[in-house]
Each structure stands twice: as structure tokens, then as C-alpha cells.
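One structure is given here, and the rest of the page talks about it.
The values are calculated or read from the model by the stated rules, or taken from the named source; none is laboratory data. Bear in mind the structure is a predicted one, so any value in this text is a computation, not a measurement. Every residue, glycine among them, receives a Cβ derived from its backbone with ideal geometry; neighbour counts consider all protein chains shown.
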2 protein chains.
Amino acid sequence: MSSEFEIIDQYFKKKMKQTLLGVGDDAAIIHIKKNREIVISSDMLVENVHFLKNTNPAHLGWKSLAVNLSDIAAMGAIPKWATLSISLPKINHGWLKEFSKGFFKCADQFGIDLIGGDTTKGPLTISITIMGEVKKNKSLLRSGAKINDDIWVTGQLGMASMGLASLQGKLKLAPSLKVKCINALETPSPKVLIGSHLSRYANSCIDISDGLIQDLSHILKASTVGASLLLNKIPCDQFIHTSKKYQFALNGGDDYELLFTASKKHRLSIEKIAKKTNTAISVIGVITQNKTLKIMDQKGKSISFNKKGFDHFA
Amino acid sequence: MSSEFEIIDQYFKKKMKQTLLGVGDDAAIIHIKKNREIVISSDMLVENVHFLKNTNPAHLGWKSLAVNLSDIAAMGAIPKWATLSISLPKINHGWLKEFSKGFFKCADQFGIDLIGGDTTKGPLTISITIMGEVKKNKSLLRSGAKINDDIWVTGQLGMASMGLASLQGKLKLAPSLKVKCINALETPSPKVLIGSHLSRYANSCIDISDGLIQDLSHILKASTVGASLLLNKIPCDQFIHTSKKYQFALNGGDDYELLFTASKKHRLSIEKIAKKTNTAISVIGVITQNKTLKIMDQKGKSISFNKKGFDHFA
């Protein structure tokens, strides 16, 4: 039988790249550059709540880290260090091998050191804390949106929630679209590259993990402004536009795209950054003075929509 | 029905004392002083593994943070920031009120800002990441023990494991001792005050969370040295000495005392620090050259003992 220490040695101990001391003492040690601040975020994923039983463990390892990277990207920071705490019903070496492979594939792609954590017995639960660096006073907050700012989003919205609905048998998709949607659900690509460049131009930023409407509403509330969106500008698969299943793009969770606002004068600069970082971006609306959120159809008519995002306790 | 955001606002949002941005954005922001390093540690507590069902929630809130503070103290650092991720089967306001009360009682006592985290539905699991500051190159590691160092421990060992055995009906204790042991189990006092002063004198340090033998063994392995302990010098309740139930002091987990090693020349300085911080401390043995651990009884005879500590997967 492996002990907790053997599991950590076997699966979670790697050479550190930017850390003074990693896994193996009471705590890890990091050194921070001058004039830098640290941003810190934590997320917890629970079996049957955030992921289905029998989810591919390598995909789960990737996603556990990716969803946290998305929060750091949304602060305009560069993610660097993560801790991973995991409770497992029993030691399953096949599962641990695949999970840690997926986790480190994501860690290596984005330059993250795993610097600590905990393993214990219990229902399958994964808890990650991620830390990143940002230049002093350069973080992107939810509270910075200004009236007349463009509202931008990266990528395509609604893909992950269509993937989930499809796996649950609630939505029928063409095979190629289904694969794309399940990939978006299980192995999302956090927008880390563009995130750290945006701090020069954006006034506010958030990641879309609870759905476009809910996450935009956080920005509006924190910035005490409103917004007007154009339905046909929302970047989503043709299937959503033609079937009018906009609830996936508007309220679906798990997208891990960035939503940010910026002055219109920065449009060209932002497009250049998007090109340089190979990131699809779209302007979907504008920040307004009155504190409401409106969505307009092609005829300029305000449509009604569900204001709530996903809530595990609802 | 409360949403995740309402729970966070109601129970876990407090005014920050040493944090640029706390709970409420994608991530928190902290600023680090010049020539300081950050130490980081994570722990996960699972119902029925780390604590019994129906544990007093205020005690659980206290302990969840206290066990993490102990890891930072063992690095010789000053704990400052924590994130808390918690999964709950359902929203129970009475439980949350008590849990957060206990958590913040500990946070306030030790000057910790709760800067972020996550709440979700799931089996009761508490995951905390804690961060502290230490002067550059002044952390206390497991690997620094030197031959002829005194081996010191704080407090009394075996109390928490006697408390657990008593609650489980495996051990009969006199009522006053039982109360003391259950307090040690449920509301441990992390040795934060003495910890940050020790970095001037100690060569190595660890917290005794998995039992004296196992945690001392980590120091011996990391420092490639051995140790000789004197059984009657191990600080534990008279009950253990008279009943000879030394397994509680040697192998019992959950003590959260500090074990550290230091040159004999620092004895007086260390005793002064202990007095100043009102911490009980004892020399229990010496670091030796040969890489084994020996425990001697009063007649100088080597006794046999169980080398393993507590392992959730064993």
C-alpha cells in the first residue's frame, strides 16, 4: 500500500523552475520580483457537481488547473505557482497516473510550478490555489468599466454547456460539433497569453465561468454602469444562431473565456494583441450609463433573457 | 435560497488589514515587502477522515485554520493570508454562522486576512491555503539539522490523539483530563508566536501533525542524520508516563506542536524566547551522526517503538 508521501513523490513532485522550495517541507517558498504584486485565487471541483463520474482523469487534471489559470488571466497577471489538494476514495494508480499527466501537461504549457498541496482519503474533490505576478497597480479588476467602453469577449461562447447538455442526453448535436463541445467542456484553453497583455489597455476584465450574463453583471455591479449587447455579435457556433438556443451562449457556464472592456481608442491595439497571441476576439456591445443590461436583436428590439447564471446551490 | 455569492458575502467577507484586494474579484492581490519571501502551504480536511461527524462547527472553523498556521510557524514565518474553499451538502445557516465564527476567531487572534476561496455543493470538505512572509533566506527547513543539535519540542505531546481515542470510546480518561484532551484535538493552539522568533536560532523545524516519530523522521531523512531521544524527557501528561501509553506521545497525530533543532550554545536564547512568547518547551534529545532514531528509557536502555505515524490510506 502506498502512503500519502509515496503518492506525492510518485505523481506530484517535479523539478521547480521559478520556486525557491517546492513540495516536501512544511511549506513552499517563492521569491517575488521588485514592484510586483501577487494575485491569488482558489477553486474547488467536486465529483458529480463540477464533473461527471468517469470523466477522463487526464482531462480532469488539465481542467482542474485550467479553470484556475483563467482567473489569473482575468486579472491581467501571469500565473506561476499552484498548490493542489485532492481527496480520493482510494489509491488508484491508473487514475493518478492519468490525472497527474493531464495536470502537468497544462502546468508545462503555461509555465506553472506545482509547489505544494495535500492528498487524503475522502470523496473525490480537487482544490487548487493559484498564484501569479502582475506589475504593481496593473491588475484588471471588475470595477474599472467606463461608460462607452467596448465590451469584448474571447473565443466562442456556449460550447462547454452544449457539451454538458449533449453528454446528459438533453441536446442532440451533429457528431463533429459534439466532439468540439465536449473538448470545450473537458479541456478548456484558458486565455492566459492575451490576459497578461490586456492590462495595458483594458479597463475591466472577468472570466466567463458562470455564463456571459452573470459574469457581465458582476462587472456592471462593481463598476456601477449598464451595458447594451448585440445578440448577433455574440460569438457562438452557427448551431446556436440558427436554432436560437441562445441560452447556451448567454447563461451556460464553464466557458473560461475572458470578457473585458476598453476604450474605443484602443481597438486597433487590442486587435494586434489578439493576432499576436492567436486569440479570437469580438466586440459584443457597449458600456452604458443607466445601470441595466439590455440585449438587442438584429432589428434593434430589446429581447428578454434569463438573468441568472449557474448556481450549484440553486 | 441563498446563492454561492450570498453565502460568501454573508459569512466570509471581512475588512482586509494587510491585503490590497480581498474576496470579490477573480483573484485577491497582496503586496510583498522588499527582501521578503512568501511561504505557502495547503491542507484539506474531510468529514469522517479528519474530523468526526457532528464536530462543533465553531471548533472545526478554528481548527481548519489553526492546522495551516502550524505549517507556517514551522517555517519560521509570519502567517498573513488565507484562502478557504469549502464544499457543503446543503446550505445550513446555523452551521455556517458557527463555522465562520470559529474561523475568524482564529484569524483575528493570529492576524490573518481571508482573501478568497470557493463555496460549492458536495460532501463536507474544507481546503485552506495559507501564505506567510519571512525574511529572505531565513526560512526553517527540515534539512538543516546538525550533529549534536538539541532536539526541542513545544507543548505536551499525545493530547489530541488521547482526545480522539476517548471520543471513540477506546480510552478511558478522568473527566478533567478528557476535557483537556478534547480541547487539544478540537481547538489546537498553533505555535505561531514562537515560530517566527526561532528562525534566528534553530537549524531545522517541523510541526508535529503526524506524530513525533514520523515528523522527526522527516527531519532526520532530509538532514541525513540520526537522533537519540530520552523517553522521560518527552513532555506529556502524567497519565501517559504512569500508564506507559507512550504510543499517544510517540505516534499520535494532530498535536500541532513544533519540533526544532538548534545548537546547544543557543539554549539560553531559546529559553528566553519561550518565556517571552509564553510557550512551554523541552529538550527531548540530541541529533546524532548515525542515521537511526533511538529512544532510551530511564536506565539508558534502547526501547522498541512503532516507526509509523498516522496515514489516512493505511
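Scanning region B:79-109 for residues that are of a type in the set (A, V, I, L, M, F, W, C) and surrounded by fewer than 20 Cβ atoms within 10 Å (Cβ to Cβ) turns up B:I91, B:W95, B:F104.
Across region B:186-213, the number of residues qualifying as over 29 Å from B:V49 (Cα atoms) and of a type outside the set (A, V, I, L, M, F, W, C) comes to 7.
Would you check if there is a residue in region A:169-176 being under 24 Å from A:I303 (Cα atoms) and more than 19 Å from the chain's Cα centre (by Cα)? Checking region A:169-176: at least one residue is under 24 Å from A:I303 (Cα atoms) and more than 19 Å from the chain's Cα centre (by Cα).
When the test is whether a residue is buried (at least 22 other Cβ atoms within 10 Å of the Cβ), of a type outside the set (D, E) and more than 14 Å from chain B (Cβ to nearest Cβ), A:A227 passes it.
The test for being surrounded by fewer than 24 Cβ atoms within 10 Å (Cβ to Cβ) and closer than 26 Å to B:D26 by Cα does not hold for B:K53. Please enumerate the residues belonging to region B:274-288 that are over 12 Å from B:T154 (Cα atoms) and β-branched (V, I, T). Within region B:274-288, B:V286, B:I287, B:T288 qualify. Within region A:256-264, does at least one residue satisfy the condition of being of a type in the set (D, E, K, R) and out of contact with any strand residue (DSSP E or B) (no Cβ under 6 Å at 6 or more places or on another chain)? Checked against the condition, which is being of a type in the set (D, E, K, R) and out of contact with any strand residue (DSSP E or B) (no Cβ under 6 Å at 6 or more places or on another chain), region A:256-264 yields no hits at all. Pairing each residue of region A:274-303 that is at negative phi and surrounded by 11 or more Cβ atoms within 10 Å (Cβ to Cβ) with any residue that is part of a strand (DSSP E or B) and among the aromatic types (F, W, Y), provided the two are 6+ apart or on different chains, yields C-beta distances under 7 Å for A:I281/A:W152; A:S282/A:W152; A:V283/A:W152.
Condition (residue is closer than 12 Å to B:L157 by Cβ, surrounded by fewer than 24 Cβ atoms within 10 Å (Cβ to Cβ) and out of contact with any strand residue (DSSP E or B) (no Cβ under 6 Å at 6 or more places or on another chain)) applied to region B:202-209: is it met by at least one residue? Among the residues of region B:202-209, at least one is closer than 12 Å to B:L157 by Cβ, surrounded by fewer than 24 Cβ atoms within 10 Å (Cβ to Cβ) and out of contact with any strand residue (DSSP E or B) (no Cβ under 6 Å at 6 or more places or on another chain), which makes the answer yes.
Every residue, every condition in (1) of a type outside the set (F, W, Y); (2) modelled with pLDDT of 95 or more; (3) under 30 Å from B:W62 (Cα atoms), yes or no:
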position: B:T242; (1), (2), (3): yes, no, no
position: B:E257; (1), (2), (3): yes, yes, yes
position: B:T261; (1), (2), (3): yes, yes, yes
position: B:L268; (1), (2), (3): yes, yes, no
position: B:T288; (1), (2), (3): yes, yes, no
position: B:Q298; (1), (2), (3): yes, no, no
position: B:S302; (1), (2), (3): yes, no, no
position: B:N306; (1), (2), (3): yes, no, no
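The residues of region A:87-136 that are out of contact with any strand residue (DSSP E or B) (no Cβ under 8 Å at 6 or more places or on another chain) and polar (S, T, N, Q), listed by number, are A:N92, A:S100, A:Q109. Restricting attention to region A:190-216, the residues that are of a type in the set (S, T, N, Q) and modelled with pLDDT of 95 or more add up to 2.
For every residue, the table says whether it meets (1) at the interface with chain B (Cβ under 7 Å from one of its Cβ atoms); (2) closer than 17 Å to B:D26 by Cβ; (3) surrounded by 24 or more Cβ atoms within 10 Å (Cβ to Cβ); (4) at pLDDT 95 or above.
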site	(1), (2), (3), (4)
A:D118	yes, no, no, no
A:I126	no, no, yes, yes
A:K136	no, no, no, no
A:S143	no, yes, no, no
A:D150	no, no, no, yes
A:T154	no, yes, yes, yes
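The residue of region B:115-142 that is nearest to B:N48 (Cα to Cα), among those that are assigned to a loop (DSSP other than H, G, I, E, B) and among the hydrophobic types (A, V, I, L, M, F, W, C), is B:L124. Looking for something under 22 Å from A:Q289 (Cβ atoms), out of contact with any helix residue (DSSP H, G or I) (no Cβ under 7 Å at 6 or more places or on another chain) and crowded, with 18+ Cβ neighbours inside 10 Å - is there at least one such residue anywhere in region A:231-242? Checked region A:231-242: at least one residue is under 22 Å from A:Q289 (Cβ atoms), out of contact with any helix residue (DSSP H, G or I) (no Cβ under 7 Å at 6 or more places or on another chain) and crowded, with 18+ Cβ neighbours inside 10 Å. Set side by side, the residues A:K172, A:K178 differ, and just one is part of a loop (DSSP other than H, G, I, E, B), more than 11 Å from chain B (Cβ to nearest Cβ) and touching a helix residue (DSSP H, G or I) at 6+ places or on another chain (Cβ under 8 Å), which is A:K172.
Those helices (runs of 4 or more DSSP H) of region B:1-114 in which 2 or more residues are within 11 Å of another protein chain (Cβ to nearest Cβ), under 25 Å from the mean Cα position of the chain (by Cα) and closer than 23 Å to B:K138 by Cβ occupy B:57-73. Please work out if A:I213 is within 14 Å of A:V153 (Cβ to Cβ) and part of a helix (DSSP H, G or I). When the stated conditions are applied, A:I213 passes them.
Which members of region B:27-46 meet the condition of being touching a helix residue (DSSP H, G or I) at 6+ places or on another chain (Cβ under 6 Å) and farther than 21 Å from A:I72 by Cβ? Passing the criteria: B:D43, B:L45.
Of all residue pairs spaced 6 or more apart or on separate chains, those with beta-carbon atoms under 7 Å, a first member in region B:170-191 that is crowded, with 16+ Cβ neighbours inside 10 Å and a second member that is of a type in the set (K, R) are B:E186/B:K63; B:T187/B:K63; B:P188/B:K63.
Counting only residues that are farther than 16 Å from B:G117 by Cα and out of contact with any helix residue (DSSP H, G or I) (no Cβ under 7 Å at 6 or more places or on another chain), how many does region A:82-96 have?
Going through region A:82-96 one residue at a time, the tally reaches 7.
Looking at B:I147, B:I112, B:I151, B:I130, can you tell me which residue is within 30 Å of B:I219 (Cβ to Cβ), in contact (Cβ under 8 Å) with a residue 12 or more places away in the chain, among the β-branched types (V, I, T) and in contact with a helix residue (DSSP H, G or I) (Cβ under 6 Å, 6 or more places away or on another chain)? Among B:I147, B:I112, B:I151, B:I130, only B:I130 is within 30 Å of B:I219 (Cβ to Cβ), in contact (Cβ under 8 Å) with a residue 12 or more places away in the chain, among the β-branched types (V, I, T) and in contact with a helix residue (DSSP H, G or I) (Cβ under 6 Å, 6 or more places away or on another chain).
Selection of region A:262-299 for residues being β-branched (V, I, T) and either within 17 Å of the chain's Cα centre (by Cα) or not in a strand (DSSP E or B) (or both) yields A:I270, A:I273, A:T277, A:T279, A:I281, A:T292.
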